[in-house]
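The values are calculated or read from the model by the stated rules, or taken from the named source; none is laboratory data. Values in this document were obtained by computation on a predicted structure and should not be read as measured data. Neighbour counts are summed over all protein chains in view; Cβ atoms, including those assigned to glycine, are modelled from backbone coordinates with ideal geometry.
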Amino acid sequence: MHKTLTRLNSHVPGLDAVLGGGLIAGSAYILQGRPGAGKTILANQIAFGQARQGAKVLYITLLAETHERLFQSLSTLEFYESDFVGRDVTYLSLFRTLRVDGLGALVEMLRKEIARQGTTMLILDGLLNARESAPTSLDVKTFVAELQGHASFSGCTVLFLTSARIDESSPEHTMVDGVIQLEECLSGSRTVRQLRVSKSRGSAALGGLHHYLIDGTGIAVYPRFESLYARPLGRDHAPRERVSSGVDELDQQISGGLPACSATAVIGTGGSGKTSFGLNFLRLATAETPALHFGFYESPARLASKARALGVDMERMVADGAVDVIWNPLTENVIDKLGYQLLDAVQARNVQRVVVDGLAGFDRASADRHRFTEFLAALTNQLRVMGVTLVCTWETTGSGPLDMQATEALSLFDNVIGMELEETDGRLYQGMKVLKIRDSAFKPAVTKLIIPDSVSGPA
């Protein structure tokens, strides 16, 4: 007989997806990470989220620091509500009890408090101190087992916080139901925060490393995109309709337009007209069939200026609801956050045309550059089943062969269009040629387009 486990909403964006649906009610977890990794913020964010749902949370500290300093730090975060403190979330320091009377007295004190307050979640901050006060590893195991037993009997979920690195053979690791590791490292000059569920008893968690960020709202987790979307969520129906590219000459070569719900790569050197191609594709959007420009290089104002030179009133289209523009400067981005931002924008307005201006923006946002092809595969697959016709620009460095990663990535696209920039009689010309169209014949001719004199800057 199949049994469904009762889950608790962590109220941490993205964490429940990583955990396979949320924390398992009545289970025990270790939150592990070095000082500064965000363990205390994560635990308190979960605590206040539970309190908003009527839960009773008991937060125990085995640290020498006062609660006043903790509240001072938490008060800067949006999830913190001082009215909950002492009523729904109770903080107790049992550092002296542990130091003077030992683990046995600590367990007995916790047992009484859990029963007295009707606690549904227990958070114990300072597992390292409890571990160091135990004479043997058996005492540590006994402490964890007794505390789990009392909590489980009361239907209480337990979170142990520790700054020690706990390996899989440690008594704590073997006793608890789940281990969540918070890691902070440097990638070049960037700080990268990543979360990993190294143990998940009775539940299928998403494996591997997942980015998380800390800001004024607390912690937000971004499940590794290609893991969550290993298979697209939806049905890929591969319609036979055609969608106009916005360039009449090109549409004539490819049987009336780009295949609907397909992914097109527009490749070429800087200034060859890739962004201009994308703007022509977007100009056919309406409020009923909206479009999205997702770019990294040009601000909305500069993009509108370039569109104006092509005869496209981007500002009016935005005001009318025909086009949304999302700009993420090519500075410090997280690739998974970008992917979810794009999908959320598409879903919010049922967007049907998308231009991603600069695939390199995704590549450079990844701390692990080897992920790019898998991420792109998941993104394009999901956009197809969402009914999106996608155009992505990709800047090449010249006439030389593409590197292996670029070659693998381009194989994911249904259609590939090459853009060239030539000078004839003192004038610049865009040359456009079709390299690939999904399951369709096309004319292998070069279409020459004149770049308006008023257009300036790289495309």
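List of remarks:
- Filtered residue count, region 209-249, keeping only those that are surrounded by fewer than 17 Cβ atoms within 10 Å (Cβ to Cβ), among the acidic types (Asp, Glu) and not in a strand (DSSP E or B): 4
- Filter result for SER133 (free of Cβ contacts under 8 Å to residues at least 40 places away in the same chain, among the hydroxyl-bearing types (Ser, Thr, Tyr), farther than 18 Å from ALA43 by Cβ and in contact with a helix residue (DSSP H, G or I) (Cβ under 8 Å, 6 or more places away or on another chain)): yes
- Among the residues of region 185-208, those that are under 21 Å from PRO35 (Cβ atoms), modelled with pLDDT of 90 or more and surrounded by fewer than 19 Cβ atoms within 10 Å (Cβ to Cβ) comprise VAL192, ARG196, SER198.
- When the residues of region 287-313 are filtered to those that are over 22 Å from TRP394 (Cβ atoms) and either touching a Lys or Arg at 6+ places or on another chain (Cβ under 9 Å) or buried (at least 19 other Cβ atoms within 10 Å of the Cβ) (or both), the one that is modelled with the lowest pLDDT is GLY311.
- Among residues of region 37-59 that are under 17 Å from ALA151 (Cβ atoms) and of a type in the set (A, V, I, L, M), those with a beta-carbon under 7 Å from a residue that is part of a helix (DSSP H, G or I) and modelled with pLDDT of 95 or more at least six positions away or on a different chain give the pairs VAL57/ALA47; VAL57/GLN50; VAL57/ALA51.
- Verdict on LEU103 being surrounded by 16 or more Cβ atoms within 10 Å (Cβ to Cβ) and within 28 Å of the chain's Cα centre (by Cα): no
- Residue within region 251-264 that is under 30 Å from GLY36 (Cβ atoms) and part of a strand (DSSP E or B) present: no
- Within region 271-286, one or more residues are under 29 Å from the mean Cα position of the chain (by Cα), small (Gly, Ala, Ser) and not in a helix (DSSP H, G or I).
- Looking only at region 26-71, and only at residues there that are of a type in the set (D, E, K, R) and within 23 Å of VAL107 (Cβ to Cβ), the one that is surrounded by the most Cβ atoms within 10 Å (Cβ to Cβ): LYS39
- Scanning region 52-78 for residues that are closer than 22 Å to VAL158 by Cβ and either part of a loop (DSSP other than H, G, I, E, B) or within 26 Å of the chain's Cα centre (by Cα) (or both) yields ARG52, GLN53, GLY54, ALA55, LYS56, LEU62, LEU63, GLU65, LEU74.
- Applying the criterion of being touching a Ser or Thr at 6+ places or on another chain (Cβ under 9 Å) and over 17 Å from LEU310 (Cα atoms) to the residues of region 437-458, the residue that is modelled with the lowest pLDDT is ALA441.
- Residue that is surrounded by fewer than 17 Cβ atoms within 10 Å (Cβ to Cβ) and over 14 Å from the mean Cα position of the chain (by Cα), where the choices are ARG353, ARG369: ARG369
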